[in-house]
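The values are calculated or read from the model by the stated rules, or taken from the named source; none is laboratory data. Note that the coordinates shown come from a computational prediction; the quantities given were computed from them, not determined experimentally. Here the Cβ positions follow ideal geometry from the backbone for every residue, glycine too, while neighbour counts run over all protein chains shown.
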Amino acid sequence: MLGNDDSGAMGSWFAFHAMGIFPLAGQDVYLINSPHFEQTTIILSISPTITFTIIANNLSNDNRYVQSAKINGVEWHKTWFRHSDIANGAVLELEMGDRVSKTWGIVDANGNPVPYPPSLSDNIE
């Protein structure tokens, strides 16, 4: 409807969703989800130039599920990250597949449970 402005909330939600990340409002946490693009680069700073790039390898209509992730080449087992993990520039590389992963976001390389994203109700010291 003309004039029905939500101050950009829907547009920003869609932009983040299409890139494959979901920022948790009021927190420095982003959830990782399935992107719509094979590659996206966000300019975090112009001077100096700092970028955050999201790469979705093997992305297709069939391969839409995250199988594994790396941040700056390091295996990333969590389904989330903090802004501090990307603030100095980063590459989030996702391997996509045609089925939901049975391990990514559930256990790390040693079979240990992966931590849930932090909550505002967690004790913060």
### Query
Hey, among Ser68, Ser45, which residue is hydroxyl-bearing (Ser, Thr, Tyr) and farther than 26 Å from Ala109 by Cβ?
Ser45
### Task
Could you check Ser45 against (1) within 16 Å of Val91 (Cα to Cα); (2) in contact with a strand residue (DSSP E or B) (Cβ under 7 Å, 6 or more places away or on another chain) and say which number it fails?
(2)
#### Entry: From the options Leu31, Leu92, Leu24, Leu120, residue that is within 12 Å of the chain's Cα centre (by Cα) and modelled with pLDDT under 95
Leu24
